[in-house]
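So the structure is just underneath, and the comments pick up after that.
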Amino acid sequence: MDATAAVTATATATPFSALIRAASMEQHGTASTSTFMSDLLGGRHAVGAFARYTAQLWFVYQALEESAETLKDDPVAGPFVLPALFRTARIESDLAHMLGDDWRAALVALPETTAYADRIKECARTWPAGYIAHHYTRYLGDLAGGQAIRDRAERSWGFSRKGEGVQFYVFDQITNPAAFRREYRVLLDAVDADELERQRIVEECRRAYEYNSAVFAALGEEFPLAAA
Ligand code: HEM
């Protein structure tokens, strides 16, 4: 076997879930340690910054979930359309709690958020396997690290545990998140894609992280903290 064939054989033998996780680890680190996220997790932001962040999520999940209906019978993306994950209604209830009945008037997308949502919609329309990259990047993260954000939000701004304001982070139809994440990885491993397509999906996942980092950077500029 020549060197190229050996590399390809190794990559093919790696379960796709392990590949996408390893290949995006660096981007995960960048996104999760962004200034805005660090300040949020450090309890240094006021609730207004959290509300603005939650508003950005509305556009992202709206894009992910408006596509779900058309993709639910798609052979590639269809298995990922799992109503237990849907977040839009929960984001809306969080925004109503934080901003009042008029929350829709305060719903303004940052240009970075619009670009991100547009890319999700584009994938949903033209490349269902690319949609999976976006699906994975958001929902699997919400099930894992999202819980740290919920915990911090409850402690920082007095939301009741898993109560109003943090519904986005509550997956009450998923009783065992660790088991769910394992099942999700089985779905990833079953994605019917050749090596090139798998690489393209991984690349789209990295891009999804970059979109998230761009939104965090914009939020960081909007909510600067006085230097300590
Ligand atoms: C805010 C800080 C964050 C923290 C503390 C955090 C923490 C974590 C933790 C503890 C895991 C579980 C790793 C494991 O299973 O061993 C995880 C997984 C994950 N996170 Fe984050 N995360 C954060 C932000 C983000 C962001 C901003 C995104 C993307 C938008 C993201 C996407 C993911 C994904 C996709 C996974 C699943 C990786 C896999 O197992 O395949 N996370 N995160």
Q | Shape box of segment 3-222 [Cα atoms, principal axes, largest first, Å] | A | 57, 35, 34
(Q) Please arrange Tyr116, Tyr169 by how many other C-beta atoms lie within 10 Å of their C-beta, fewest to most. (A) Tyr169, Tyr116
Q. With axes computed from alpha carbons, what is the tilt in degrees of helix 146-157 against the longest principal axis of the chain, rounded to the nearest 10 within 0 to 90?
A. 10
Q.
Taking 8 Å as the Cα distance limit and 6 or more residues as the minimum spacing, I'd like the relative contact order of segment 3-222 as a percentage.
A. 36
(Q) For a protection proxy built on the mean count of beta-carbon atoms within 10 angstrom, sort 213-219, 84-90 highest first, please. (A) 213-219, 84-90
Q.
As a footprinting exposure proxy, order His134, His45 by other Cβ within 10 Å, with the fewest listed first.
A. His45, His134
Q | Distribution of pairwise C-alpha distances over segment 127-194, 10 Å bins, in % | A | 19, 42, 26, 11, 2
**Q.** the chain: most fluctuating residue of Ala190, Ala13, Ala51 per GNM, C-alpha cutoff 10 Å
**A.** Ala13
Q: Find out how many positive minus negative residues lie around Pro79, taking Lys and Arg as positive, Asp and Glu as negative, among other residues whose Cβ is under 13 Å from that of Pro79.
A: -3
Q: Find out how many positive minus negative residues lie around Ala96, taking Lys and Arg as positive, Asp and Glu as negative, among other residues whose Cβ is under 10 Å from that of Ala96.
A: -4
Q.
Could you list Val81, Val170 so that the one with the fewest beta carbons within 10 Å of its beta carbon is first and the one with the most is last?
A. Val170, Val81
Q | Stretchable slack from Glu164 to Ala13, in nm (0.36 nm times residue separation minus alpha-carbon distance) | A | 49.9 nm
**Q.** Extension reserve of the Ala178-Asp73 stretch, reckoned as 0.36 nm per residue once the Cα distance is removed
**A.** 35.2 nm
Q. Can you tell which of Leu95, Leu64, Leu140 shows the greatest fluctuation in a Gaussian network model of the chain with Cα springs below 10 Å?
A. Leu140
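Coordinate-derived values only; no laboratory data. Since the model is a prediction, treat every value here as computed from it, not as a measurement. FYI the Cβ positions are ideal-geometry reconstructions off the backbone, even for glycines, and counts take in every protein chain you see.
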